[in-house]
Ligand code: CO
């Protein structure tokens with residue numbers, strides 16, 4: 001496994017649409033393993049393949065419950081409720097915005113062997129599913145943010161924790 005470089009928002013690749021994964025081979029498994037390791041090292045909750053420069057529809061979601069999820073060719077099939085909260089991205093270090101997302105999300109995705117599975121998430125996990133799947137279509141959370149947090153707002157939030 002290897003740590004890959006996370007591209008930042010200046011890189012136009014982040015605005016491109018990722019293509020479906022069609023080969024569930026060792027090359028894909030290596031990418032997924034590297035993404036998991038890269039995400040862990042960066043201490044994030046989710047990473048899309050495009051963030052390591054690979055335009056394929058694959059994401060890792062790890063909300064710290066010890067079970068990182070691999071979602072290949074994910075599609076949101078059901079949502080309900082609404083949550084408003086602070087959101088950031090490993091490709092925009094230090095930037096945070098307030099983003100409204102569904103409270104509950106059901107996702108259909110393939111696993112690393114190509115089998116279709118259903119994943120359910122609420123709260124943070126639902127937020128991560130939406131954020132990462134957006135990446136696959138070139139959408140960045142700042143596109144959806146009601147407003148971006150200023151340095152002052154950020155330090156106030158952090159001091160309250
Ligand atoms: Co992101």
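No lab work stands behind these numbers, since they all come straight from the coordinates. Please read these numbers as outputs of a predicted model, since none were measured by experiment. Here Cβ is always computed from backbone atoms with ideal geometry, including for glycine, and neighbour counts include all displayed protein chains.
log₁₀ I(q)/I(0) of region 19-97 at q = 0.20 Å⁻¹, via Debye over equal Cα point scatterers, no solvent, to two decimals?
Debye intensities relative to I(0), on a log10 scale: -1.00.
Take the Cα atoms of the chain, find their three principal axes, and give me the spread along each one in whole Å, biggest first.
Over the chain, Cα extents along the principal axes are 47, 33, 29 Å.
In whole Å, what are the extents of region 1-57 along the principal axes defined by its C-alpha atoms, from largest to smallest?
Here the Cα extents, ordered largest to smallest, are 31, 26, 16 Å.
Put a dot 7 Å past each Cα toward the Cβ at residue 137 and residue 43; how far apart are the dots in nm?
3.2
Where does each of 79, 8, 150, 38 land when they are ranked from fewest to most other beta-carbon atoms within 10 angstrom?
The fewest-first ordering by Cβ neighbours comes to 150, 8, 79, 38.
Expressed as a whole percent, how much of the Cα-Cα distance distribution for region 73-150 exceeds 14 Å?
61
Considering Cα pairs under 8 angstrom that are at least six residues apart, work out the relative contact order of the chain and quote it in whole percent.
Across the chain, relative contact order equals 23 percent.
Taking 0.36 nm per residue of separation and subtracting the Cα-Cα distance, what length does fully extending residue 10 through residue 24 add?
Stretched fully, the residue 10-residue 24 segment lengthens by 2.0 nm.
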